[in-house]
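The values are calculated or read from the model by the stated rules, or taken from the named source; none is laboratory data. Keep in mind that what you see is a predicted model, and the values were worked out from it rather than measured. Note that each Cβ is placed from the backbone with ideal geometry, even for glycine, and that neighbours are counted across all protein chains shown.
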Amino acid sequence: MKLSVIGCGYLGATHAACMSSLGFQVVGIDTDQGKVDLLSSGNLPFYEPGLDSLLASEIKTGRLTFTTDFSAAADADVHFICVGTPQSKEGLAADLTFVKSAIAAIAPFLKDGALVVGKSTVPVGTAQALREILTISAPHADLAWNPEFLREGFAIEDTLRPNRLVVGVVNDRAENILKEVYQPIIDLGTPWIRADLPTAELVKVAANSYLATKISFINAMAEVCEAAGGDVTVLAKAIGYDPRIGSRFLQAGIGFGGGCLPKDIRAFMARAEELGADQALEFLREIDAINLRARQRVIDVVRADLSEDLSQYKIAILGATFKPDSDDVRDSPALDIAAQLQAAGATIVVHDPKGIEPARKRFPHLDYAERVTDCVKGADAILHLTEWKEYRELDPAVIGQLVRSKFLIDGRNALDREKWRAAGWRVHALGRTD
Ligand code: UGA
């Protein structure tokens with residue numbers, strides 16, 4: 001069986017390399033020549049632990065190739081659509097331009113019996129509409145939807161050992177083809193869920209909405225803890241022992257960002273409104289609001305502690321990416337806070353182990369430092385906003401000699417507060433009052 005992967009960004013490049021590692025012939029197609037050249041030479045246009053070496057070794061086998069030419073997929077049996085669905089510029093809805101153009105571009109090259117499999121996150125109803133379009137342009141092909149649940153930082157693990165496989169299909173043939181593709185993963189005992197097309201699309205946005213809700217729930221509790229003199233980390237630990245609640249995704253802090261959770265909950269609300277079900281998702285508006293408030297709370301703490309006018313102050317920002325082990329800065333809470341503090345007059349210097357270049361592209365007016373020691377030099381406050389391991393390993397005594405004032409805000413509740421306090425630091429952690 002030969003596979004094509006259309007769209008070689010984060011999802012597509014990972015999927016292509018992983019499918020090749022299962023032994024398939026895979027051609028990755030992207031309209032961006034620069035990206036194709038980079039991937040063809042075994043290099044990644046982004047950072048993902050372990051993926052660079054997997055990509056390089058799969059290219060060496062000869063099974064994995066990349067091109068801008070859609071005709072190279074003419075002999076493929078299964079075509080995975082992995083293009084992005086960003087938030088549209090006009091509103092909350094998802095922009096489906098890339099999905100539609102991917103389908104239009106591959107349609108003329110689909111051989112009889114080919115299966116197009118959407119992996120991109122789309123508003124419910126998209127798959128059915130695309131299938132109808134395909135019935136006209138490529139009547140001998142079929143379409144299925146197979147949502148992706150991979151997390152950045154764990155992309156290979158989540159692709160090759162996912163906690164479930166969900167396929168939205170209209171007939172047994174499509175399900176059987178997908179079973180053949182995923183057999184090695186099914187053999188690991190991975191649960192297999194067959195659904196109709198709308199349910200498969202909904203599973204993805206429902207999962208991301210639930211995760212977003214869990215994070216905003218604990219951040220709401222953090223606000224209450226701060227008001228009532230409690231400690232959200234102890235609260236999270238205590239409720240997390242209840243297996244019905246579970247302890248994961250209860251890390252209070254500056255909230256969720258990235259290219260998925262924020263735009264997915266917004267697109268879900270927009271789609272529900274179109275469907276006349278907007279009341280059902282009204283709570284997601286609050287989830288979004290709590291999330292954005294978490295960023296604002298950090299700014300409020302800085303202003304309350306230093307001054308309303310921040311023009312005399314230097315603030316060191318540790319972390320630019322939306323989470324550790326990624327160089328993704330899309331909708332990064334850390335950079336949002338950095339930019340807002342700069343707008344309030346502060347001198348900002350940002351450090352990140354992997355995300356400085358992508359951050360510079362989005363926020364060219366911020367200052368960046370390659371080393372933590374340069375970032376914190378002369379700072380009046382340090383804001384720990386992305387929980388990279390290297391920040392947990394910092395020596396507070398050494399850092400204390402470089403700053404102007406030993407004031408630390410832990411926006412991720414990930415640093416050892418006692419260690420910093422023992423070295424003479426004032427530490428403010430979100431949701432913890434003592
Ligand atoms: C998310 C989902 O977790 C994946 O299952 C999904 O496949 C993916 O979106 C997608 O739709 O493609 P990802 O965006 O990589 O994955 O990031 P997460 O690990 O979910 O983290 C999202 C944000 O929540 C980060 O900013 C993180 O710092 C924050 N977060 C996470 C918290 O603030 N607290 C937590 O307890 C957990």
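What are the residue pairs meeting all of these: first residue in the range 413-430, first residue free of Cβ contacts under 8 Å to residues at least 12 places away in the same chain and assigned by TED's automatic domain parsing to the domain that holds E226, second residue in a loop (DSSP other than H, G, I, E, B) and surrounded by 15 or more Cβ atoms within 10 Å (Cβ to Cβ), Cβ atoms under 8 Å, and 6 or more apart or on different chains? Close Cβ pairs satisfying both conditions: none exist. Residues considered: A270, A294, A236, A334. Of these, the only one that is surrounded by fewer than 21 Cβ atoms within 10 Å (Cβ to Cβ), assigned to a helix (DSSP H, G or I) and either within 16 Å of the ligand (Cβ to nearest atom) or among the hydrophobic types (A, V, I, L, M, F, W, C) (or both) is A270.
Within the range 385-401, residues that are within 18 Å of A252 (Cβ to Cβ) have Cβ atoms under 7 Å from residues that are assigned to a helix (DSSP H, G or I) and within 16 Å of the ligand (Cβ to nearest atom) in these pairs: L385/P333; L385/A334; L385/I337; T386/A334, counting only partners at least 6 apart in sequence or on another chain. Pairs meeting the criteria (first residue in the range 227-256 and more than 27 Å from V302 (Cα to Cα), second residue assigned to a helix (DSSP H, G or I) and more than 10 Å from the ligand (Cβ to nearest atom), beta carbons under 9 Å, at least 6 apart or on different chains) are I239/M221; I245/I239; G246/G240; S247/K237; S247/I239; S247/G240; R248/G240. When the range 204-221 is filtered for residues that are within 11 Å of the ligand (Cβ to nearest atom), surrounded by fewer than 20 Cβ atoms within 10 Å (Cβ to Cβ), of a type in the set (A, V, I, L, M, F, W, C) and over 14 Å from A252 (Cβ atoms), the ones remaining, listed by number, are A207, L211. Looking only at the range 369-428, which residues are at positive phi and within 15 Å of the ligand (Cβ to nearest atom)? Scanning the range 369-428 gives a single hit, N413. Every test in (1) over 23 Å from Y10 (Cα atoms); (2) in contact with a strand residue (DSSP E or B) (Cβ under 7 Å, 6 or more places away or on another chain) is passed by N146 save one, and that test is (1).
Across the range 241-266, the number of residues qualifying as assigned to a helix (DSSP H, G or I) and within 11 Å of the ligand (Cβ to nearest atom) comes to 5.
Is it true that A155 is more than 15 Å from the chain's Cα centre (by Cα) and buried (at least 20 other Cβ atoms within 10 Å of the Cβ)? So A155 fails the test.
Selection of the range 347-376 for residues being part of a loop (DSSP other than H, G, I, E, B), of a type outside the set (D, E) and buried (at least 17 other Cβ atoms within 10 Å of the Cβ) yields P353, K354, G355, F363, L366, A369. Among the residues of the range 1-59, those identified as assigned to a helix (DSSP H, G or I) and within 17 Å of V181 (Cβ to Cβ) are L11, G12, T14, H15, A16, A17, C18, M19, S20, S21, E58. With the requirement that a residue be free of Cβ contacts under 8 Å to residues at least 60 places away in the same chain and crowded, with 18+ Cβ neighbours inside 10 Å, what does the range 297-311 give you? Residues satisfying the conditions are I299, L310. Checked against the criteria, L281 does not count as outside any helix (DSSP H, G or I) and modelled with pLDDT of 95 or more.
Just checking, does the range 123-141 include any residue being buried (at least 16 other Cβ atoms within 10 Å of the Cβ) and among the β-branched types (V, I, T)? The answer is yes; a qualifying residue exists.
Within the range 1-31, if we keep just the residues that are of a type outside the set (A, V, I, L, M, F, W, C) and closer than 19 Å to S326 by Cβ, the residue that is surrounded by the fewest Cβ atoms within 10 Å (Cβ to Cβ) turns out to be G9. Within the range 143-163, restricting attention to residues that are away from the ligand (no atom under 11 Å from the Cβ) and out of contact with any Gly (no Cβ under 8 Å at 6 or more places or on another chain), the residue that is farthest from F46 (Cα to Cα) is R161.
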